[in-house]
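Notes for the one structure printed next.
The values are calculated or read from the model by the stated rules, or taken from the named source; none is laboratory data. The structure presented is a predicted model; accordingly, all values stated were derived computationally and were not measured. Positions of Cβ are generated from backbone atoms using ideal geometry, with glycine treated the same way; all protein chains shown enter the neighbour counts. Calculation scope for accessible area: heavy atoms of the full protein, side chains included, ligands and nucleic acids excluded. Shrake-Rupley method; radii C 1.70, N 1.55, O 1.52, S 1.80 Å.
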Amino acid sequence: MPSLDEKKRLQRIQAKQQRAKAFALNPQAGEQVCQQLLNSKKLKTNQIVAVYWPLGDELDPMLLLNRLHESGHQIVLPVMLGAGKPLLFRTWAPNDRLKVAQFGTYEPCEDKPALKPDVILAPLLAFDRHGYRLGYGGGFYDRTIENLRQTKSVSVFGVAYAGQEMNQVIKGPFDQPLDAVVTELGVISIDPQLR
């Protein structure tokens with residue numbers, strides 16, 4: 001019987017293939033996701049919103065990042081502190097200097113203040129209608145979300161192509177559920193009773 005880690009590893013292979021196909025079919029989906037989230041009224045005014053810096057064929061949230069900043073939200077980007085540690089979020093504004101970080105992503109420099117987000121827009125490999133996301137295996141977002149939820153109310157929205165949906169994401173005991181998933185086709189609200 002394969003272990004949980006092995007099952008997740010195999011599901012990540014499938015999820016990466018699905019995401020690559022979704023990206024090839026609609027590389028401009030970021031614009032549609034931006035409109036879907038803004039039209040959904042899921043965000044309150046002047047919230048602190050954590051957005052990821054895109055890698056490879058991840059759905060590109062850059063238009064959304066800029067539009068949220070323009071509308072008065074404080075944007076924060078994740079900063080990795082090392083294996084086994086939660087993420088830190090530092091402020092970002094257009095034209096800020098960023099530094100190259102692990103895995104080829106970018107993050108704010110140390111002179112930018114750290115803030116705890118009210119909303120996290122999380123990248124993912126796959127999601128399901130129960131509100132679970134398949135991440136990359138480092139546990140950074142799950143660890144961070146768990147810590148934040150112990151100290152404040154935080155909403156977590158997965159950001160994905162509709163083609164990244166799976167019937168059921170394999171979940172482990174430390175996986176944190178999403179509140180919604182934003183895709184180019186709409187916002188999928190998660191019913192907590194389905195978890």
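Of all residues in the range 53-73, which are within 14 Å of the chain's Cα centre (by Cα) and open to solvent by 10 Å² or more (accessible area, probe 1.4 Å)? Explain how you work it out, then say what you get.
Kept after step one, since they are within 14 Å of the chain's Cα centre (by Cα), are these residues of the range 53-73: 53-55, 57-62, 64-65.
The answer is Trp53, Pro54, Leu55, Asp57, Glu58, Asp60, Met62.
Looking for whichever is more than 19 Å from Met62 (Cβ to Cβ), among the hydrophobic types (A, V, I, L, M, F, W, C) and out of contact with any Asp or Glu (no Cβ under 8 Å at 6 or more places or on another chain) here; the options are Leu37, Leu4. Which one fits? Steps first, answer last, please.
Details: Leu37 fails: more than 19 Å from Met62 (Cβ to Cβ).
It is Leu4.
Give all pairs with beta carbons closer than 8 Å in which a residue from the range 86-107 that is at positive phi meets a residue that is open to solvent by 40 Å² or more (accessible area, probe 1.4 Å); count only pairs at least 6 apart in sequence or on separate chains.
Phe103/Leu55; Gly104/Leu55
Test Gln11 against the stated conditions and say whether it is open to solvent by less than 50 Å² (accessible area, probe 1.4 Å) and touching a helix residue (DSSP H, G or I) at 6+ places or on another chain (Cβ under 7 Å). Before you say what the answer is, go through the steps one by one.
On the way: open to solvent by less than 50 Å² (accessible area, probe 1.4 Å): yes; touching a helix residue (DSSP H, G or I) at 6+ places or on another chain (Cβ under 7 Å): no.
Answer is no for this residue.
Of all residues being in a strand (DSSP E or B) and closer than 30 Å to Gln18 by Cα in the range 100-126, which is farthest from the chain's Cα centre (by Cα)? Just the residue, please. First the steps, then the outcome.
If we filter the range 100-126 for residues that are in a strand (DSSP E or B), which is where we start, we get 100, 106-108, 114, 119-122, 126.
With the extra rule that they be closer than 30 Å to Gln18 by Cα, the set shrinks to 100, 106-107, 119-122, 126.
Working: Val100: 19, Tyr106: 15, Glu107: 15, Val119: 10, Ile120: 6, Leu121: 4, Ala122: 1, Ala126: 11 Å.
Selected residue: Val100.
Residue under question is Arg129, and the condition is that it be modelled with pLDDT of 90 or more, basic (Lys, Arg), farther than 22 Å from Ser153 by Cα and more than 13 Å from the chain's Cα centre (by Cα); does it hold?
On the way: modelled with pLDDT of 90 or more: yes; basic (Lys, Arg): yes; farther than 22 Å from Ser153 by Cα: no; more than 13 Å from the chain's Cα centre (by Cα): yes.
No; evaluated as a whole, the condition is false for this residue.
Suppose we filter the range 38-67 for residues that are at pLDDT below 95 and either of a type in the set (A, V, I, L, M) or in contact with a Ser or Thr (Cβ under 7 Å, 6 or more places away or on another chain) (or both); how many remain?
The total comes to 9.
Please work out if Gly30 is out of contact with any His (no Cβ under 7 Å at 6 or more places or on another chain) and surrounded by fewer than 14 Cβ atoms within 10 Å (Cβ to Cβ).
Numbers: out of contact with any His (no Cβ under 7 Å at 6 or more places or on another chain): yes; surrounded by fewer than 14 Cβ atoms within 10 Å (Cβ to Cβ): no.
Here the answer is no, as Gly30 does not meet what is asked.
Among the candidates Ala83, Ala114, Ala160, Ala93, single out the residue that is hydrophobic (A, V, I, L, M, F, W, C) and surrounded by 17 or more Cβ atoms within 10 Å (Cβ to Cβ). Outline the logic, then answer.
On the way: Ala83 fails: surrounded by 17 or more Cβ atoms within 10 Å (Cβ to Cβ); Ala114 fails: surrounded by 17 or more Cβ atoms within 10 Å (Cβ to Cβ); Ala93 fails: surrounded by 17 or more Cβ atoms within 10 Å (Cβ to Cβ).
After ruling out the rest, the residue left standing is Ala160.
Is there any pair with a first residue in the range 6-17 that is more than 15 Å from Ala160 (Cβ to Cβ) and a second that is of a type outside the set (D, E, K, R) whose Cβ atoms are under 8 Å apart and which are 6 or more apart or on different chains, and what are they?
Once the first residue is more than 15 Å from Ala160 (Cβ to Cβ) and sits in the range 6-17, its partners that are of a type outside the set (D, E, K, R) give Lys7/Ile170; Lys8/Leu134; Lys8/Gly137; Lys8/Ile170; Lys8/Gly172; Arg9/Gly137; Leu10/Pro2.
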